1. Which one of the conditions (1) within 22 Å of K5 (Cα to Cα); (2) small (G, A, S); (3) open to solvent by 50 Å² or more (accessible area, probe 1.4 Å) does S57 fail to meet, given that it meets all the rest?
2. Any idea which of (1) within 16 Å of the ligand (Cβ to nearest atom); (2) in contact with a helix residue (DSSP H, G or I) (Cβ under 9 Å, 6 or more places away or on another chain); (3) modelled with pLDDT under 95 is the one G111 doesn't satisfy?
3. Quick check on my filter: what residues within region 114-123 are assigned to a helix (DSSP H, G or I) and either of a type in the set (S, T, Y) or more than 8 Å from the ligand (Cβ to nearest atom) (or both)?
4. Taking I103, is it open to solvent by 20 Å² or more (accessible area, probe 1.4 Å) and closer than 21 Å to R264 by Cα?
5. Give me the pairs, please: first residue somewhere in region 116-137 and closer than 20 Å to S73 by Cβ, second residue anywhere and within 11 Å of the ligand (Cβ to nearest atom) and basic (K, R), beta-carbon distance under 8 Å, and either six or more positions apart or on two chains.
6. Looking only at region 124-167, which residues are open to solvent by 30 Å² or more (accessible area, probe 1.4 Å) and near the ligand (Cβ under 10 Å from one of its atoms)?
7. For region 281-293, give me each residue that is over 28 Å from I194 (Cα atoms) and touching a Gly at 6+ places or on another chain (Cβ under 8 Å).
8. Hey, G43 hits all of (1) open to solvent by 10 Å² or more (accessible area, probe 1.4 Å); (2) within 12 Å of the ligand (Cβ to nearest atom) but one; which does it fall short on?
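The values are calculated or read from the model by the stated rules, or taken from the named source; none is laboratory data. What you are looking at is a predicted structure, and each value in this text was computed from that prediction instead of being measured. Please note: Cβ atoms are built from the backbone with ideal geometry, for glycine as well, and neighbour counts cover all protein chains shown. Areas reflect the complete protein model, heavy atoms only, side chains present, ligands, DNA and RNA absent. Shrake-Rupley method; radii C 1.70, N 1.55, O 1.52, S 1.80 Å.
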Amino acid sequence: MKRMKRIGILTSGGDASGMNAAIRSIARSAISAGLEAYGINYGFAGLVAGNIRRLESKDMDGIIDRGGTILYSARFPEFAEEKTQLKGIEQLKKFGIDALVVIGGDGSYHGAERLTQHGFNSIGVPGTIDNDIPGTDFTVGFDTAVNVALDALDRINDTATSHQRTFVVEVMGRGAGDIALWAGIAADADAIVIPEREYDVKKIAEHLKHNYENGKDHGLIVLAEGVMSAADFKAELDQYGDFDSRAITLGHIQRGGRPTAKDRVLASMFGDYAVRLLLEGKGGLAIGIRDNKLVATDIIDTLENHKHITDVSLLDLNDRLRF
Ligand code: ATP
């Protein structure tokens, strides 16, 4: 087997806090093992365009605490076409890159999967705020997003309490309710509404009415965006009572900001693990953490045969704690 010399790194899909910590970890771990690290700008779009640069250890200074991604990201649906994927591989070969680490969400993983199927060794590091990737309990960016959402919910709770209002707050999560569940439980939500489980707006309204009659004259409903918009949910709720309700969409503030310690450490562990596996000649893998242990699973099998499973028992927990 040819000795590996150069590792490429790209970030793709929606940015997530902690992606920079992952880039730093991959680059520094590679450099400390005597390899060269190359950064690919703008995800798969930059890969195909050959927008590739050498990363030195000093370039990794002062990025662990920065949100976003110093390698930028891009949506590039053209990468689903085989001829575009082969162009990407041509560029990697032109730069002498032997293996690629892709940091991103499940869409980005499909890109890494396709490169692996074409014989180019690629490893996926889970970086997405949604926590919706199979093969891992947690993704880089999730913890920061939850904490940003929680900070907003705490503030909203203050005004809800002062003005006896009910707020419907929409958090991110198109396919997965993880952000809504974690932020909702931590913020003492009266109801959490996620795509993984049917909701009953009449029951939620009854619970709020019960609260209003018993001295808690304000409410908080945390809604995952994949269910419906906050405005639509408020309109449904208003049919069952007058809660002086307000609808808020937190939106993109959930993506950015300083990554939490958990995201920085997770990203550092994932990146270094990816490099160590590549050094052992392994590839075609998805990195993750399961039951607090680092794991690497076959990327093709992981994507094709497994799904992220949201822990809906958290919803039952919240139901027990709100009485
Ligand atoms: P997030 O869910 O956090 O936004 P993501 O990685 O799922 O992240 P996507 O926009 O779904 O975001 O995918 C990112 C990029 O990955 C796409 O723009 C495209 O370049 C590539 N990609 C997505 N799906 C495929 C696919 N089936 N085959 C090859 N490449 C793909």
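1. Result: S57 fails condition (3) only.
2. Here G111 meets the rest and fails (3).
3. Once the filter is applied, which keeps residues that are assigned to a helix (DSSP H, G or I) and either of a type in the set (S, T, Y) or more than 8 Å from the ligand (Cβ to nearest atom) (or both), region 114-123 yields L115, T116, Q117.
4. Criteria not met by I103.
5. I129/R255; D130/R174
6. D132
7. Hit for region 281-293 is L285, nothing else.
8. Of everything listed in (1) open to solvent by 10 Å² or more (accessible area, probe 1.4 Å); (2) within 12 Å of the ligand (Cβ to nearest atom), G43 misses just condition (1).
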